[in-house]
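Quick note: the coordinates plus some simple rules give every number you see, no bench work behind them. Everything quoted here is computed from the prediction, not taken from an experiment. Heads up, the Cβs are rebuilt from the backbone with ideal geometry, glycines too, and the neighbour counts pull from every protein chain shown.
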Amino acid sequence: MAGFPIEVATRIKTLPPYLFAAIDKMKQAAIARGVDIINLGIGDPDLPTPQPIVESLSTAANNPKHHQYPSYEGMLSFRQAVAEWYRRRFGVKLDPADEVLTLIGSKEGIGHIHLAFVNPGDVVLVPSPGYPVYPVGTSFSGGVSHFMPLTKANGFLPDLQAIPKDVAKQAKLMWLNSPNNPTSVVMTKDYFKRVVEFAHQHQVIVCHDAAYSEIFYDGKRPASFMEVEGAKEVGVEFHSLSKTYNMTGWRLGFVVGNKDVLAGLGKVKSNLDSGVFEAVQAAGITALGLDEAVTDAIRRIYQERRDTLVPGLKAVGLDVDTPPAAFYVWVAVPKGYNSASFTEHLLEKAGIVTTPGNGFGAPGEGYVRMTVCTSKERLSEAVERIKKTGW
Ligand SMILES: *Cc1c(COP(=O)(O)O)cnc(C)c1O
């Protein structure tokens, strides 16, 4: 029997082209040629999840009471552990009953929150370059992204003054991300204060993505948006156990802050998903209660790697700032190249995979993103290869 054409919905058809497809193809071809690839493209910790967390999952998985449907909002004991972690880490008080919501990884909540608050035609303020889930979540709910360019001239921070008044008036949500993917830039408390003022002035809900708050260097801890007075009246903050505890595969995150915003997201979730496996939440409680020594050790490894890669890149003449946090290095491409051609050059001539900056949005043109999710030895090797290759 002949089939009929399977047609996808407009929201899928209008997705931006997958800019990394070309690079994937080149990478596969290089691997097939036997090239020893150094992958500085992945934003996924290569280190294992700390053992006490794994053991906690194992114990909890053996308890049949965890085998049934969890509640969509998460176990109260997990939400209490989140509130306790916030108190310890940021000095912020949260009510675990209605100011904390468990997520199936923060990406799930980041994608779904638009369904709760964005009507067709509503504006969402989105940093660019940035995490693609913000604009895609916006367009899936019929909203329109207004991109806030992150450029060297504005210190890679959204310029709130540059947002046209009429756009700000139509805006429903504003996305912020500090420490930032892909630039690694950190927002100060002063910046967050201005955001709170802006949000009040234009009645915009602030959604702050803090997935990298625990990956920081030189002992300088990034602030939480929730530390700023009035933040809880205007917004929420997304967190994840993925990067902090090397748990990307576990799918466990949370969002905290304004209880009406959380109730809206909770309504969407209660209709679409059935929460996180309770044994994973039990392991999450163990993770959040771990001694700082555990995350200190992880940070020390990233810092060693950063301090191998960044000075090496500077020594070969590349224009790069030393990141204060996150595991990304945002490298300006040399003269005569753009993001795509420099990415291709590094792959074809040095066997190094990087991510073209424009893949995160047009203002990322002129940059490539490298990650330090690879051993110090491989990062040294990458620098040596770049030195030998030149450009
Ligand atoms: C990795 C990442 C996340 C976290 O994703 P999970 O779904 O929690 O694994 C969120 N935001 C940004 C910007 C990220 O890079």
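Things to note:
- Volume per residue for the range 30-75 equals 190 cubic angstrom (convex hull of Cα atoms).
- Rel. contact order, % - alpha carbon contacts under 8 angstrom, at least six apart, the chain: 24 percent
- Note on MET1, MET226, MET370: ascending count of other Cβ atoms within 10 Å places them as MET1, MET226, MET370, the fewest first.
- Of the DSSP H helices in the chain, those whose Cα atoms cover at least 18 Å axially and whose Kyte score averages -1.0 or more: 76-90, 259-272, 292-315
- Take every DSSP beta bridge whose two residues both sit in the range 51-291; close to 35 percent of them are antiparallel.
- Relative intensity of the range 41-190 on a log10 scale, I(q)/I(0) at q = 0.09, 0.16, 0.17, 0.21 Å⁻¹, equals -0.41, -1.14, -1.22, -1.37, per a Debye sum over C-alpha point scatterers of equal strength in the absence of solvent.
- Max mean-square fluctuation residue, GNM over the chain, Cα-Cα springs under 10 Å, options SER375, SER240, SER106: SER375
- Largest GNM mean-square fluctuation across ASN358, ASN271, ASN338, computed for the chain with C-alpha springs under 10 Å, falls on ASN271.
- For the range 51-291, a simple Cβ point-charge model (Lys and Arg +1, Asp and Glu -1, everything else neutral) yields a dipole of about 200 debye relative to the Cα centre.
- Neighbourhood net charge (14 Å Cβ-Cβ; Lys/Arg +1, Asp/Glu -1) for LYS193: -2
- Rounded to the nearest 500, the 222 nm mean residue ellipticity of the chain from helices alone is -13000 deg cm²/dmol, with -39,500 (n - 2.57) taken per DSSP H run of at least 4 residues.
- Computed on the range 214-275, with alpha-carbon pairs under 8 angstrom and 6+ residues apart, the relative contact order is 26 percent.
- Dipole of the chain [Lys/Arg +1, Asp/Glu -1 at C-beta], most positive-end residue of ASN358, VAL294, PRO324: ASN358
- Out of every Cα-Cα pair that the range 342-386 contains, those further apart than 18 angstrom amount to 31 percent.
- Ascending count of other beta-carbon atoms within 10 Å, so fewest first, for THR354, THR151: THR151, THR354
- Sparsely packed trypsin sites (Lys or Arg not before Pro) within the range 201-279, loop by DSSP, other Cβ within 10 Å at most 14: LYS220
- Here the alpha carbons of the chain define both size measures, Rg and Dmax, at 21.3, 66 Å.
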